[in-house]
Amino acid sequence: VFMDYLRELEGKRLHDPFDKKMERSIMVAGPVIVGAGPSGLATAACLKEKGVSSLILERADCIASMWQHKTYDRLRLHLPKQFCQLPRMPFPENYPTYPNKQQFLEYLEAYANRFGLEPVFNKTVVNAEYDHHYKFWRVKTVGIKQDETEYVCQWLIVATGENAEEVVPRLQGMDDFDGIVIHSSSYRSGEMFRDKSVLVVGCGNSGMEVCLDLCNYNARPSLVVRDTVHILPREIIGRSTFGLSTCLLKWFPVRLVDLFLLVISWFVLGDTSRFGLRRPKLGPLQFKHLSGKTPVLDVGTIAKIQSGDIKVFPGIERLTQHGVKFTDGRVENFDAIILATGYKSNVPSWLKESDMFSEKDGFPRKAFPNGWKGANGLYAVGFSRRGLLGVSMDARKIAEDVQFHCLLSCSTPTLMTLKPNTT
């Protein structure tokens, strides 16, 4: 079938010898995985354990580019390492409970080396479409020199994840503001903001930790909290809050576990609404299930808010030349604004398919745990809103399913390259 496609492609070139749009086509007998972050690496490793080779395409020049290039220096895993390890390889025993950024990157490098994973870097997927006539996926990429390549495969695994592109809101008056405005993906540490007044927009884990980091560099941070938010202590009576809640859910309904978490949080953190941090009406686990918003795990920011080192403001009405006017009428001057406004999926921009993935938010239409598999050999990993634990679950399911289809077709998944004659 693929040879028929190559003959058709070559015929088009002969008809128009000046058409250099497609430099080459490569057939991949195993799955093509888009993304070399933890999701792509985990899936490739699970496939390899099943005897299935795969090809990972990555737009950046390294694995885990999000972690390498778009995270702040003080970042640590928010959950204990046992909930964040990838399949078939635990973290080293000498790692702390919450590995830091560099340790996690070293772990991912060791993971790739252990399973012999060699992604093809600097390949940005610009289009992926299922060819119903030939019954395979056509994945088109552009390299750093604008060279175009088409990969042809039977299975396509989307591993670009929930955080592929920054969300940068357009604030009224942004062009009038004389200070610095950056997304949190460009923030590394508070060193460049020492002794400055900084407004952090967004109260998720990143926004909270950026504020705390700014305090450590004698900056004067303020935090915009527009919506309700659940904040939980990272640990309860010496145990991970996440681990404890996971254990309790085995024995009690979600409603009771939520009540337990709220009572404990009140004792540990106090009434956060006094500081402008209002909680949703639903409990933290129920709220996450319905909205996808993960509770913030406090690592010291609340104490800084309580002491007045971090001010809390409501929504922004507009930016001024020297600061911000807030929705409650207050006006404050700031030297810089950091947008901790999160990330979004970029799947709709390149995947020409709308049955499995929503065109609105780029997530699978089916909720966890059923969002990992679509039609025509399409899969998704890393979109469960359950962090690295969800990644591992998806990766294992995908590997088992692809192996099953390989056995049905009695095929031996290998990789081969076919270059049509362009002369």
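Here are the numbers for the structure shown:
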read-out	value
Whichever residue in region 384-400 is assigned to a loop (DSSP other than H, G, I, E, B) and open to solvent by 20 Å² or more (accessible area, probe 1.4 Å) and, among such residues, is farthest from Leu77 (Cα to Cα)	Arg385
Contacts under 7 angstrom Cβ, first residue in region 277-292 being within 17 Å of Arg386 (Cβ to Cβ), partner polar (S, T, N, Q) and surrounded by 15 or more Cβ atoms within 10 Å (Cβ to Cβ), 6 or more apart	Leu285/Ser245; Lys288/Thr294
Boolean, Cys203 is open to solvent by less than 10 Å² (accessible area, probe 1.4 Å) and either part of a strand (DSSP E or B) or closer than 20 Å to Gly300 by Cβ (or both)	no
Positions within region 275-294 being open to solvent by less than 20 Å² (accessible area, probe 1.4 Å) and not in a helix (DSSP H, G or I), in sequence order	Leu277, Pro280, Gly283, Gly292
Per-region count, region 111-129, residues open to solvent by 40 Å² or more (accessible area, probe 1.4 Å) and either within 18 Å of the chain's Cα centre (by Cα) or on the phi < 0 side of the Ramachandran plot (or both)	8
Every residue from region 173-222 that is under 24 Å from Thr320 (Cβ atoms) and of a type in the set (Ser, Thr, Tyr)	Ser184, Ser186, Tyr187, Ser197, Ser222
All positions within region 248-274 that are assigned to a helix (DSSP H, G or I) and either open to solvent by less than 50 Å² (accessible area, probe 1.4 Å) or in contact with a Pro (Cβ under 8 Å, 6 or more places away or on another chain) (or both)	Leu248, Val257, Asp258, Leu261, Leu262, Ile264, Ser265, Val268, Leu269, Thr272
Counted residues, region 206-226 - those being open to solvent by 70 Å² or more (accessible area, probe 1.4 Å) and either under 24 Å from the mean Cα position of the chain (by Cα) or on the phi > 0 side of the Ramachandran plot (or both)	2
Lone qualifier among Leu156, Leu108 - being open to solvent by less than 70 Å² (accessible area, probe 1.4 Å), within 17 Å of Val347 (Cα to Cα), among the hydrophobic types (A, V, I, L, M, F, W, C) and in contact (Cβ under 8 Å) with a residue 60 or more places away in the chain	Leu156
Hits in region 329-360 (condition: open to solvent by 50 Å² or more (accessible area, probe 1.4 Å), over 20 Å from Glu58 (Cβ atoms) and touching a residue at least 60 places away in the same chain (Cβ under 8 Å))	Glu332, Asn333, Asp335, Lys352
Selection status of Glu191, in a loop (DSSP other than H, G, I, E, B) and of a type in the set (Asp, Glu)	no
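The values are calculated or read from the model by the stated rules, or taken from the named source; none is laboratory data. Small disclaimer: the values here were computed from a predicted structure and weren't measured. Every residue, glycine among them, receives a Cβ derived from its backbone with ideal geometry; neighbour counts consider all protein chains shown. These accessible areas exclude ligands, DNA and RNA; they are computed on the full protein's heavy atoms, side chains included. Shrake-Rupley method; radii C 1.70, N 1.55, O 1.52, S 1.80 Å.
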